[in-house]
1. Taking 0.36 nm per residue of sequence separation and subtracting the Cα-Cα distance, how much length would be gained by fully extending the chain between N128 and T112, in nm to one decimal?
2. Compute the convex hull volume of the Cα atoms of the stretch 19-118, divide it by the residue count, and report the result per residue in Å³ as a whole number.
3. Hey, with R₀ at 22 Å, roughly what FRET efficiency would V88 and L56 work out to, going by the Cβ-Cβ distance, to 0.05?
4. Would you compute, from DSSP H runs of 4+ residues alone, the mean residue ellipticity of the chain at 222 nm, taking -39500 (n - 2.57) per run and dividing by the full residue count, rounded to the nearest 500?
5. Give the calculated FRET efficiency between E19 and N105 to the nearest 0.05, with a Förster radius of 25 Å applied to their Cβ-Cβ distance.
6. What does the charge add up to near N50, with Lys and Arg as +1, Asp and Glu as -1, over the other residues with Cβ less than 14 Å from its Cβ?
7. Could you state the accessible area per residue of the stretch 3-127 in Å², with a 1.4 Å probe and every protein chain left in place?
8. For the stretch 12-51, what is Rg from Cα atoms divided by 2.2 N^0.38 Å, rounded to two decimals?
Amino acid sequence: MTIFSKIISGEIPCYKVAEDDNFLAFLDINPVAKGHTLVVPKKEVDYIYNLDDETLAALMLFSKKVAKAIEKVVPCNRIGISVIGLEVPHAHMHLIPINTLDDMNFSKPRVTVAPDEYVSLAAQIAINI
Ligand code: 5GP
């Protein structure tokens, strides 16, 4: 079972942003930028391009709703979208508020977000969905 499946089942906590029957969005615990959100299909599939067509398309549409909400809460030029998957073998999209190209750089030091700030970010994004 992946760490994301444990988050989906509630075994491990997360700062939840949005959820429906098939997808969960929550704040990344080691974010590249404040508001960095992960969107995960509940179906446990490692590689994103091994998702069935319907789930892959719906994942993008779910991400769109979440991205529109993030940009209302976090001042930014736009929401960058990225798929890596080298750390957690459970398909997911990264949604990241960006202003410059460097804001999408996963090699740079991550930002620190205090627990109460995580709670408030997740709550504000959630109410904008
Ligand atoms: P990737 O698999 O796309 O290379 O990276 C996985 C991402 O998931 C990383 O940005 C990492 O910070 C995040 N991550 C890993 N474990 C957890 C976790 O337990 N909770 C949350 N919220 N994020 C996690």
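The values are calculated or read from the model by the stated rules, or taken from the named source; none is laboratory data. This one's a predicted model, so the numbers in the text were calculated from it and none came from an experiment. Cβ coordinates were reconstructed from backbone atoms using ideal geometry, including for glycine residues, and neighbour counts include every protein chain displayed. In case anyone asks, the SASA skips ligands and DNA or RNA and just uses the protein heavy atoms, side chains included. Shrake-Rupley method; radii C 1.70, N 1.55, O 1.52, S 1.80 Å.
1. The N128-T112 span can extend by a further 3.4 nm.
2. 104 Å³
3. Rounded to the nearest 0.05, the efficiency is 0.80.
4. Estimated from H runs of four or more residues: -10000 deg cm²/dmol.
5. 0.30
6. With Lys, Arg at +1 and Asp, Glu at -1, the neighbours total -4.
7. 55 Å²
8. Relative to the 2.2 N^0.38 Å estimate, the stretch 12-51 comes out at 1.24.
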